[in-house]
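Just so you know, all these numbers are worked out from the coordinates, no wet-lab data involved. Nothing here was measured: the structure is a model prediction, and the numbers come from that model. Cβ placement follows ideal geometry from the backbone for every residue including glycine, while neighbour counts extend to all protein chains displayed.
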Amino acid sequence: MRRRPDFIVGMVVLATIVALLGSIIWVRQTDVSRRRQHVTARFQDVGNARVGNAAVIRGVRAGRIDRIELDDDGSVMVRMSLEKGAVLPADPVVVLNESSLFGEWQATITERAALPRDEAIQEQIEIVDREDDLLPGATLPDIAKLTAVAGQIAGDVAAVAGRVDVAFDDAAAKELRASIQNFSALSATLAGAVRDHTGDLDTLSAGLRDAVRTLNRAARSTELIVGRVDSSIASGELRQIMKDLSDAAADLKRTTATVSGMATRLSGSQGHLDRFLVSGDSVLTKINGGQGTLGRLVTDSSLYVGSDSLVAQLRSLIVEMRANPKKFLSIRLF
């Protein structure tokens, strides 16, 4: 009769042990059915991260932290156990951050390009990034640090509010009230000016309307001119005009060439004339200086005197020949 209660007690104890082992496995999230891969990251500080915290890839739980230990250089090594087949992002880094308001942490494996634009995080990554197989990691501030920073900001805001309260006293209120009254008076003055110049504004509006009408007429005239140009192009008149202009340009080019040739020949003639004038000047200089036969004839007076006496003798000879021709001519007949 005692064997049945002992069997029941043994079964209860065995069930209790199995339940306890299952609870421990569930709490530690141990996977006994599949093999896992391990990834290690280096951090300066891990904050409140603990063994057993989740490891997340692209927002999906892919494993957990199974070891946290200090390295010889003072950095912290965090080993994560990931499910077999979990694919790491390109250029991976690890960020430790709180996953809830109750102090639970997680290790987020993400791309370096997806890191927050925070100088502190970038500095942590650069410090622990080395040329080895370890992933660089950074730690985000927890709620306590954020609350402390928020409290500091609130204190600064309170200090600023106190300074504003000190600066904005009764005198400042009176000055502000006077400024508002001055602004009201300025608004009334502007309203009066607008009322006084309403007619001017109407005149200006009428002038603008006339200017717009003039612009419209100019636009229509331009449209008509463009239409005429289009019709001229279509009818061939513009082509004929361009052809005539081309012929005129060709004639002008030939005329220019002719004038250029004439100028060239005239330049040659001018050179000959210059040489002739130089030669004539040289001859006249020699004649004037009494050089040569002609120079002697021009400058020697004895030739003139001899010529005069010769002419006188010729005249007397002619008179004598007229008076006594037989003396000079003798005619004999056989």
### Summary
Long-range amide H partners of residue 99, meaning residues 5 or more apart or on another chain whose placed amide H is closer than 5 Å, are 104, 105, 106
### Message
Only sites in a loop by DSSP and with at most 15 other Cβ atoms within 10 Å count here; which chymotrypsin sites (Phe, Trp or Tyr not before Pro) in region 43-130 make the cut?
### Response
102
### Message
Please list the three semi-axes, largest first and in whole Å, of the ellipsoid equivalent to region 31-140, using sqrt of 5 times the eigenvalues of its alpha carbon gyration tensor.
### Response
20, 15, 15
### Summary
In nanometres, the difference between 0.36 nm per residue of separation and the alpha-carbon distance of residue 127 and residue 319 is 54.3 nm
